Structure formats: structure tokens, C-alpha cells
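Data first, discussion second: the structure below is written as C-alpha cells.
Values quoted throughout were computed directly from the atomic coordinates according to the rules given, and no laboratory measurement underlies them. The structure displayed is predicted, hence computed values, not measured ones. We place every Cβ from the backbone using ideal geometry, glycine too, and count neighbours over all the protein chains shown.
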């Protein structure tokens, strides 16, 4: 497979004291240090369509002591949204708040009619969806029949029909003028709760009780936003930045603190990467293998219970890794029989009857990284149905692609939904072969005959010494994430030492042009580099170990 490095353009003459950081930020649309003001005072006002109607329903429920049921989702965004909504409503004085998370293996995603029947046992007067519901036409209709008032809070893209809910809050629904379309589900919940609090304040509700500080919940908002890989626009950067500040200063709920500790992350130095790659997988492991209730309970727990649940999540994550490893090995053996060097930019569909449906999304992601093609991995969901999870590449909108396939081939898909880079679907097992052909056709229609290649997007060369000070500066400059990517550079280094660690990772000692030698690591690169020099793309990070700090290069691509 062809590999190449493409350098970002850095327009203008940015006003920064640090030249390297100036170049990085200018390439991301930041042109002065004032643009890095991530304080909460600059948050967009809560003018989402439907938010006042939704808040009015919840205010009435709180003041009249009505029964409220939160229906969540089984990923990290759904878990943080649920924990936020339950805890905040209780803190504001709601007397009857419960939550329910669908078992992904029995009920699938969203507010289905089947999960509404389960919700019926809670006898809710108000049912609130978090991080789901925008596509739940039948589920909302059934809840209406049972006399529940439904509030949908979601951020996923809607279909042609909206559910007949009492209120819908979703920045992506038609007619919503809210400037940030990239809010995660937990961000939508946060905004709704801010209006609920304001309305309760206007009603004099807090004259006889303490008024909660919603900023105390920004640790949850930061985690859910980062975990859902939504674009890190300036509004999301404000939410995440303030959440990270609170975690670093010790203002963190015990369950999240326990999760950081079991994952070996020092909360004083926590970064968005830590939340994305250490905490989110542990939280998601509950929804993938057992029940996301475990994750939600951990986020709301205190004392010994928080530590106990964090350790349970850690054990689930280890089990998830083992399952994923076996599935990935099988997938790689299949991939070995597929030419990844031909000119046609077709996608890959993979299915094995023994695969775990909770882990196929991770496998799809790993194969996508290896093949640089859109990938959908399927697992047997029982009763003749397959459930698939897809991951895409730049240039192909996965959810829109599935929509196009469903339009051209009526009845081929049972359900589908998601985002540009990730989506899920279900279909009958006998339709699998037809779907693989339709998927291939859609990819060729959209992507044409683009060559398959692995590309690293670089911020250029680093001409100054790589020091721990430089690494700290880049680490703390902004909450990096989707759409606001972590700085990545390229260069040539002399190889002073190299060895394999853990049988599959390449550890190096490199000599840059400026400054002294620097450590480097390239994960999942189980062989040594030939020759005396290495040309590569890399990130600069702080390697913290037993109280010491050193700069380290994280090599992302070797030419």
C-alpha cells in the first residue's frame, strides 16, 4: 500500500509567542491567543429548537413530583448523558427519577416499542430519551398510547420523519438554528438542564433548597463529548476544556476518579487522549459485553462502591480486548486474501458466525485503519438477523451511504443509523451477499477509482529541540479531538537504538536534527526498521512514569 505524508497549510501570520504552536493552531483556524479563550462565558446560548418546551415538561414534572424515566443508550455518550440527567434532576429536587438502558442484544438501539413495554413497569409520567430517540417513530407512538409524555434529546441525524414527541431537542433537527451542530448527546442534555434550572429559579424553586452548579457536571460532559468523537468545534472545546480543568483540580465525581486510577492515569495531568483511549473503552466495555447499567452506576457511585465498579469495568475491558484480539486475527486472515493495493476504492464487509456483536465496531475500526477502506463487520444477532457496525474514511459518509442503499434496494436493510464516520445496521442473513454488492457499488459511485493509500496529515517539521517543555505546551494548548486534530509532524531521524517490546511494538531512540536524543514508540509495528535513518510522521507527547516526565515521539506512520 502506498504511504505518503501531506502537510497542512498554515495561513496568515498568527500572533503567538510560541512559533511551533502558532503554526499548529493557525492551520486549525485559530489566529490569536484570544481565540483560545475556552471559558464558559463564551458558550453559545441555549437557543436550540424545542428546548423551552422540553424544559417546561421537566419543570412541571419536578415541581409536581411526577415520575420521570430516563432512557439511555449503551455507549459512553449515552452513559454520561444518563448519569448527568438522573443526578442533576435529583439534585434539583426531582423526587421520582429512574433510568433504563436497553440491552443491546435483546432490544437493539433506541426507544423501540419493546423497550417502551419494559419502561411501562416504571410507570413513568414523563419519559426522556438521551443520546437517542430521533429515529424512534414507533417507540414514541407506543409511549404516547400508554399516556407517557415523551421528551426526545438526541444529536444524531434525523430521517425524513420525526417522532411525535411532546418535545424534541436536537441541534440537527430541521429548523434548529443552534450554531453548533456537533454537540454530543451529553452536550444536548447539559443545555436542556441549564434551561430547566433557569425556569425553576424563575419559579422560586430554589428559595428553600440549594441551587446546583451545573459546571460541577462538566467532567461527565467532557468524557461523553470526547468518547463520541464528535467534531471539536469551539463550543465543544469550551465544554471539554472546562471539564478537563475540573478533573485536574480534583473536582471530579468519585466513579470517574476510580476509573482513572485503575487505568493508570494521573487525574492531575489528564488529557482528552486519556479520556478517549483509557476511560471511554472501559465504560463502553459494559455496554459491549454486559449492561451499560454498570457504567452508569459507576459514574454516579461514591465511596467503596465507586472503586468496586471501576474495577469491574476494568475487568470487562480486559475481556473485551481478548475477544477483540481473536476476532481481529480472524478478520486479518480474511483481509490477507483481499488485495489492498489495487486502484479500486471498494469497501470491505466481514462476517463470522462466532463473532461477538458487542465488539464488531472495534474490529471494523481496526480493519479500516489497516486497509484504509470503509469497513462493516457483522455478527449473528439470532433469529436469522445480522447486526453490523461500520467505520468509514474521509470522503464517504457512512450513514448517508446506507440511506442511499436502502433507497435503491427497498427491504434490504432492517434498520440503520449513525454518523459520517460510523454507523450501525441490521439485515436478514440471507441478504448479506446482496448487501456486500450494494455496498461496493455505492462506494464506487461516491469515491470513484481513488487509489488506496495511507496518508498522514502533518503540521510540518520540528526545527527546535524536542523537550518536555515543548511536549507540555502542545499537550495543554487545547482539547484536541475530531475536527481539531492533535498536532502531528514529520521528519527524518537517525536511529540510535531500536527493539521490539511486547512482541508487537517498536521502541526507538532517535536523534533529531536539533537537540539531544529522544525516545519514540510505534505501536503495532512488530518488526525493526531497515537502515540507519527513519522517515516518519509523529506526535510529541509527555511520557510520565513514576513521577518523572520525558518527551516521547508517538510514531504514526513510517515511510
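Could you sort 435-448, 126-139, 200-213 so that the peptide with the highest average Cβ count within 10 Å comes first and the rest follow in order?
Per-residue mean Cβ counts within 10 Å order the peptides as 126-139, 435-448, 200-213.
Tell me what the chain gives for mean residue ellipticity at 222 nm when only DSSP H runs of n ≥ 4 count, each as -39,500 (n - 2.57), the sum divided by the residue total, rounded to 500 deg cm²/dmol.
-11500 deg cm²/dmol
Multiply the residue gap between residue 496 and residue 44 by 0.36 nm, knock off their C-alpha separation, and tell me the result in nm, one decimal place.
Here the answer is 157.7 nm.
As an exercise, use a Förster radius of 35 Å and the Cβ-Cβ distance of residue 325 and residue 251 to find the FRET efficiency, rounded to the nearest 0.05.
Calculated transfer efficiency: 0.40.
Could you tell me how many degrees, from 0 to 90 and to the nearest 10, lie between the Cα long axis of helix 360-371 and the main elongation axis, the longest principal axis, of the Cα atoms of the chain?
The angle comes out near 30 degrees.
Calculate the spin-label point distance for residue 453 paired with residue 120, positioning each point 7 Å from the Cα along the beta-carbon direction, and give it in nanometres.
5.9 nm
Put a dot 7 Å past each Cα toward the Cβ at residue 463 and residue 318; how far apart are the dots in nm?
So the two model labels end up 5.0 nm from each other.
Report the full-extension gain for the segment residue 409 to residue 34: residue separation times 0.36 nm, less the Cα-Cα distance, to one decimal in nm.
Separation in residues times 0.36 nm, less the Cα-Cα distance, equals 129.9 nm.
Tell me, 527, 178 in order of fewest to most beta-carbon neighbours within 10 Å?
By the 10 Å Cβ count, ascending, the order reads 527, 178.
Please identify which residues in segment 369-394 have an amide N closer than 20 Å to a label point set 7 Å out from the Cα of residue 4, following the Cα→Cβ vector.
369-374, 393-394
Once you treat every alpha carbon in segment 224-283 as an equal point and sum by Debye, what is log10 I(q)/I(0) at q = 0.13, 0.21, 0.29 Å⁻¹?
-0.30, -0.78, -1.36
Using the alpha carbon gyration tensor of the chain, what are the three equivalent-ellipsoid semi-axes (square root of 5 times each eigenvalue), largest first, in whole Å?
Each semi-axis is √(5λ); the values are 38, 30, 22 Å.
Work out, step by step, the length gained on full extension between residue 394 and residue 445: first 0.36 nm times the residue separation, then minus their alpha carbon distance; give nm to one decimal.
Length gained, residue 394 through residue 445: 16.9 nm.
Rounded to two decimals, what is the ratio between the C-alpha radius of gyration of segment 338-451 and 2.2 N^0.38 Å? Write down the numbers at each step before the final one.
Numbers: Rg = 12.9 Å, N = 114, 2.2 N^0.38 = 13.3 Å.
Working it through for segment 338-451, the quotient is 0.97.
Report the calculated FRET efficiency for residue 53 and residue 181 (r = Cβ-Cβ distance, R0 = 22 Å), to the nearest 0.05. Show your work: numbers first, answer last.
Numbers: r = 20 Å, r/R0 = 0.91.
Efficiency computed from Cβ-Cβ geometry: 0.65.
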